[in-house]
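The values are calculated or read from the model by the stated rules, or taken from the named source; none is laboratory data. What you see is a predicted model; the values in this text were computed from it and never measured. Positions of Cβ are backbone-derived with ideal geometry, glycine not excepted, and every protein chain shown enters the neighbour counts. Surface areas here come from the heavy atoms of the whole protein model, side chains and all, with no ligands, DNA or RNA. Shrake-Rupley method; radii C 1.70, N 1.55, O 1.52, S 1.80 Å.
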Amino acid sequence: MGVIDRLYSFVVIRGFKVWVSYRTQVALNFISWTIPVFLYYFIGLTFGAGRMAAAIAANYSYTAFATVGIAFQGYFSSAVATLAGRIRNEELIGTLEYQMAAPLKPMSLMFYSTVWGFVVNSISTVTILLIGYGLGIKYIINPLSTFVILLLYMASIIGLNLISGAVVLIVKQGNPVALFTSVATNILGNVVFPISVLPTWLRDISYVLSLTWSLDALRKAMLAGEGLGSMTNDIVILVILSAAYLIIGVLLTNYAFRRILKQGTVHMY
Amino acid sequence: MPVAVEFINVTKRFGKLTAVENINLKVNDGEVVALVGPNGAGKTTLLRMAAGVLLPDAGKVLIHGIEAHRAEAKWHVGFMTPMDRGVYWRISALDNLVFFGTLYGLSIREAKSRGMELLKVFGLVDRAKDWVATYSTGMMRRLELARAMMHDPDILLLDEPTSGIDVDGKNMILEHIRRLKGSKTIIMASHDPQEIELADRVVYLNRNIVDTLPALKIVKVLVKGSLPPLDGYRIVNLGDSTYVIYTRIDGFDELMRRLTSMDGNLKIVDLNVEVAVAERNARIAERVNRRERGGWEWA
């Protein structure tokens with residue numbers, strides 16, 4: 001019962017009600033979600049299917065490739081920035097200290113603070129996928145494999161959120177993790193072009209990003225309807241990466257909270 | 001009497017600066033304690049440690065025997081700082097209270113009900129659904145106090161609760177604190193005589209505890225007429241047969257008895273109660289105590 005009430009508070013009161021109070025921002029959010037889909041659709045049309053098919057080695061168009069990439073990369077980039085941004089906001093507003101004065105463990109506080117980011121990104125994901133459908137993408141979805149991959153992907157995102165949030169608690173200004181994930185999604189994350197076109201040394205960096213493997217598996221699950229058996233490699237690596245992100249995230253979060261409580265910088269920004 | 005809050009050999013440093021050193025202080029259940037001292041004396045530091053948002057470098061802070069930073073201790077504590085931030089401006093006052101109420105385990109329904117009840121107590125019920133951004137500073141302070149009380153804590157930590165607000169708002173908060181006396185343990189950091197006079201005990205702080213005394217009130221009695229010698233009281237002659245007689249509040253009844261039993265045409269014109277010494281800072285208290293052990297230097 002307490003969990004649901006707190007989720008309501010963090011998602012509806014603190015998340016949704018504050019978000020919609022900035023009406024212009026909401027409109028800009030929707031625009032920023034939709035424009036890239038059209039952008040890559042027209043890029044796909046420009047280059048045609050032949051060159052991309054060789055690189056993708058799959059039976060779907062570049063538009064489909066890019067749309068799935070854009071739809072799900074939001075969790076990796078903006079969800080990470082959302083938690084860090086949320087913590088920074090709470091520091092600036094002065095509410096973080098009151099949240100920490102409540103009988104909520106640091107992990108719980110971080111978890112609840114993360115949920116709104118997931119909600120917003122889910123709205124953007126569905127919006128983008130629907131626009132893709134409108135542009136002619138044929139989704140062949142295997143529900144089980146899609147669900148499993150999403151679960152593992154979200155687990156890794158939670159870990160990344162924790163790392164990002166912990167960094168902001170410590171450094172206060174700037175968010176190097178968000179900068180990294182933004183660069184990662186644009187260049188290294190298998191989002192709008194396959195990583196096979198990258199030089200080897202950059203591809204090696206791509207391999208440690210959960211985004212790379214998640215998108216690979218999600219395209220198989222949602223564009224080709226493939227089962228879990230055909231994505232065993234992706235799943236194993238995702239399990240390892242998710243576990244690593246989560247462990248690092250938990251350790252860093254506990255360290256960050258301990259540090260700010262000791263230094264007395266909870267109310268500072 | 002059970003101890004609600006206890007500071008045991010507490011020291012806190014921020015870099016090279018020592019905020020508080022070797023503090024030992026017990027606050028009993030139902031007691032109201034005012035922490036008084038100059039800026040930088042460590043009052044807010046002590047409150048933050050008791051609220052569990054700051055860890056001591058040495059010693060322990062206990063809430064009903066549990067270390068203050070543990071979740072189990074925080075259920076007992078309501079905390080209010082003098083900042084006018086700490087609430088969400090772009091949602092309503094009621095939504096703010098519901099949000100913070102659920103952090104303390106209240107259901108949405110309970111939090112709404114409790115929130116409306118507190119908004120009524122603090123005269124904000126007509127503005128419950130308005131954005132906090134439309135509130136005055138005084139209204140925000142009242143909302144913050146309501147927020148501290150959402151989970152009905154038995155311990156309130158109030159840092160300058162009436163600082164920077166209008167007279168009506170101040171009186172409302174003071175009246176509420178007065179009503180809570182005896183039923184809640186309250187620790188207040190304060191510079192304000194009206195806040196301090198609510199205290200059962202005043203702790204004079206300047207990194208260490210300088211002194212601990214009851215809140216001292218002075219009554220000034222303005223009389224006109226023929227005043228015979230009156231031992232044991234400080235008397236200031238204003239001329240034209242007008243005098244001001246100073247007494248501690250515990251000597252007021254005796255003074256009145258003596259004045260009313262006097263012959264002659266002596267009229268009591270006016271009375272004024274002040275909180276002595278608490279209006280000054282702890283450095284003065286330090287000098288006073290060194291110079292005059294066991295007594296007070298009159299204001």
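A few comments on the model shown:
- Rounded to 10°, Cα long-axis angle of helix B:167-180 versus longest principal axis of chain B: 80 degrees
- Here the relative contact order of chain B, from alpha carbon pairs under 8 Å that lie six or more residues apart, stands at 20 percent.
- Among A:ALA81, A:ALA102, A:ALA217, residue whose mean-square fluctuation peaks in a GNM of chain A (springs only between Cα atoms under 10 Å): A:ALA102
- Distance between the 7 Å Cα→Cβ label points at A:PHE147 and A:VAL3: 1.8 nm.
- Between 0 and 90 degrees, the angle of helix B:108-121 with respect to the longest Cα principal axis of chain B falls at about 20 degrees.
- Most mobile listed residue (A:GLY227, A:GLY134, A:GLY85) in chain A, GNM with C-alpha springs under 10 Å: A:GLY134
- Accessible surface area normalised per residue over the range A:126-197 is 44 Å², counting heavy atoms of protein chains with a 1.4 Å rolling probe.
- Helix-only arithmetic for the protein assembly as shown: the sum of -39500 (n - 2.57) across DSSP H runs with n ≥ 4, divided by the residue total, places the mean residue ellipticity at 222 nm at -16500 deg cm²/dmol.
- Gain upon complete extension [B:LYS129, B:ASP250; 0.36 nm per residue less C-alpha separation]: 38.9 nm
- Springs between Cα atoms under 10 Å define the GNM used for chain B, and in it the highest mean-square fluctuation of B:VAL53, B:VAL269, B:VAL125 occurs at B:VAL269.
- Surface exposure of the range B:60-205, expressed per residue as accessible area with a 1.4 Å probe, stands at 36 Å².
- At R0 = 25 Å, FRET efficiency that the Cβ-Cβ distance of B:SER107 and A:MET107 yields, to 0.05: 0.65
- Mean separation of Cα contacts under 8 Å (6+ apart) over length of the range A:12-149, as relative contact order %: 31 percent
- Chain B - percent of accessible surface contributed by carbon and sulfur, probe 1.4 Å: 48 percent
- For the range A:152-174, no residue has its backbone nitrogen under 11 Å from a point 7 Å from the Cα of A:LYS262, taken along Cα to Cβ.
- Interface burial for B against A (accessible surface, 1.4 Å probe, total of both chains, Å², rounded to 100): 3200 Å²
- Candidate residues B:TYR246, B:TYR135: accessible-area rank, largest first, probe 1.4 Å: B:TYR246, B:TYR135
- Interchain or long-range residues, amide H under 5 Å from B:ALA189's placed H: B:LEU35, B:LEU158, B:ASP159, B:GLU160
- Placed amide H near B:VAL210: partners under 5 Å, 5+ positions off or other chain: B:TYR204, B:LEU205
- Within straight-line cross-link reach of A:LYS105, aspartates and glutamates at Cα separation under 18 Å, skipping those fewer than 8 residues along the same chain: A:ASP5, A:GLU90, A:GLU91, A:GLU97, B:GLU67, B:GLU72
- For the range A:25-31, Karplus couplings with θ = phi - 60° (6.51, -1.76, 1.60), whole Hz, Gly/Pro x: 4, 4, 4, 5, 4, 4, 5
- Computed with every protein chain present, the accessible area of A:THR24 is close to 100 Å² [probe 1.4 Å].
- Cross-link reach is defined here as a Cα-Cα straight distance under 28 Å, omitting same-chain residues fewer than 8 places apart; for B:LYS224 the lysines meeting it are B:LYS267.
- When only Cα pairs below 8 angstrom with a gap of at least 6 residues are kept, chain A shows a relative contact order of 27 percent.
- Measuring r between the beta carbons of B:ASP154 and B:MET116 and using R0 = 30 Å, the FRET efficiency lands at 0.85.
- Computed E for A:ILE240/B:THR11 - FRET, C-beta separation, R0 51 angstrom, nearest 0.05: 0.65
- Additional length obtainable on full extension of the chain from B:SER226 to B:ASP168, 0.36 nm per residue less Cα span: 16.9 nm
- Rounded tilt (10° steps) of B:93-103 against the dominant C-alpha axis of chain B: 70 degrees
- Of B:GLU31, A:GLU90, the order by accessible heavy-atom surface (1.4 Å probe, DNA, RNA and ligands excluded), from most exposed downward, is B:GLU31, A:GLU90.
- Tensor-based shape of the range A:147-228 (alpha-carbon gyration tensor, a/c under 1.5 rounded, otherwise prolate or oblate): oblate
- In order along the range B:19-25, the phi-based Karplus estimate (6.51 cos²θ - 1.76 cosθ + 1.60, θ = phi - 60°) of 3J(HN,Hα) comes to 7, 9, 9, 6, 7, 10, 8 Hz; Gly and Pro are listed as x.
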